[in-house]
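Read the structure below first, then the notes.
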Amino acid sequence: MSARLAGKVAVVTGASKGIGASIAKYFAAEGASVIVNYASSKEGADRVVKEITGKGGNAVAVQADVSKEKDIERLFAETKKAFGRLDILVNNAGVYEFSPLEGVTEGHFHKLFDLNVLGLVLTSKEAAETEGVISAGFNEGDFRKQLESLTPLGRIGQVEDIAPAAVFFASKDSSWITGETLVIAGGLR
């Protein structure tokens, strides 16, 4: 395998577990130096960094809540301090919770909006899923069986299904692609 991201520096938000961890590992395997961002799971982020560095890659864990502008500024300052610059930003951090309408509170709304929308906008401005499924209870039971029966490939997605596409979009292989949405869903539409 060629090192398609050799010499690049990447920040992967929400990279202590799930899809973000997988993307960070794939990026490092392709030669990128990776900032493994986490909000609260230092143990998970350290584990990802240890796995990357154990295979000869470069990675540093940086705590930052990407729904807070000051944390984002510190995240990019730490990136510059560690690796001198930023080439790639993967806005992976996100949260989703399902609740009936009557269960939605102002705090619930702001938690989701601040991370999923405002966080993405702020990190993108500054630069210029997984455990979520498990915690929501979708990895087992009738919901999973229903999804698998509807999916042409006959299974639910795994974190390893997403990371190679992220590497592709971060590499020169995608240099003539812009403004596209890639649906990675086993054929499910």
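The values are calculated or read from the model by the stated rules, or taken from the named source; none is laboratory data. This is a predicted model, so every value here is computed, not measured. Here the Cβ is made from the backbone with ideal geometry for all residues, glycine too, and neighbour counts use every protein chain on show. Areas reflect the complete protein model, heavy atoms only, side chains present, ligands, DNA and RNA absent. Shrake-Rupley method; radii C 1.70, N 1.55, O 1.52, S 1.80 Å.
Listed values, structure above:
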{"quantity": "Output for the stretch 51-75, where each listed residue is in a helix (DSSP H, G or I) and farther than 21 Å from Val167 by Cβ", "calculated": "Glu69, Lys70, Asp71, Ile72, Glu73, Arg74, Leu75"}
{"quantity": "Enumeration of residues in the stretch 8-24 that are of a type outside the set (Ser, Thr, Tyr) and crowded, with 24+ Cβ neighbours inside 10 Å", "calculated": "Ala10, Val11, Val12, Gly14, Ala15, Ile19, Gly20, Ala21, Ile23, Ala24"}
{"quantity": "Condition check for Ala39: surrounded by fewer than 23 Cβ atoms within 10 Å (Cβ to Cβ), over 18 Å from Lys81 (Cα atoms) and among the hydrophobic types (A, V, I, L, M, F, W, C)", "calculated": "yes"}
{"quantity": "Within the stretch 21-50, tally of residues that are over 14 Å from Asn92 (Cα atoms) and in a loop (DSSP other than H, G, I, E, B)", "calculated": "5"}
{"quantity": "Only listed residue being more than 26 Å from Val36 (Cα to Cα), surrounded by 12 or more Cβ atoms within 10 Å (Cβ to Cβ), of a type in the set (A, V, I, L, M, F, W, C) and at pLDDT below 80, chosen from Leu112, Leu188", "calculated": "Leu188"}
{"quantity": "Residue within the stretch 156-179 that is at pLDDT 75 or above, open to solvent by 90 Å² or more (accessible area, probe 1.4 Å) and touching a helix residue (DSSP H, G or I) at 6+ places or on another chain (Cβ under 8 Å) present", "calculated": "yes"}
{"quantity": "Residue count, the stretch 34-68 (criterion: among the basic types (Lys, Arg), at pLDDT 95 or above, touching a helix residue (DSSP H, G or I) at 6+ places or on another chain (Cβ under 9 Å) and farther than 13 Å from Ala21 by Cβ)", "calculated": "1"}
{"quantity": "Output for the stretch 48-60, where each listed residue is open to solvent by 30 Å² or more (accessible area, probe 1.4 Å) and at negative phi", "calculated": "Lys50, Glu51, Thr53, Gly54, Lys55, Asn58, Val60"}
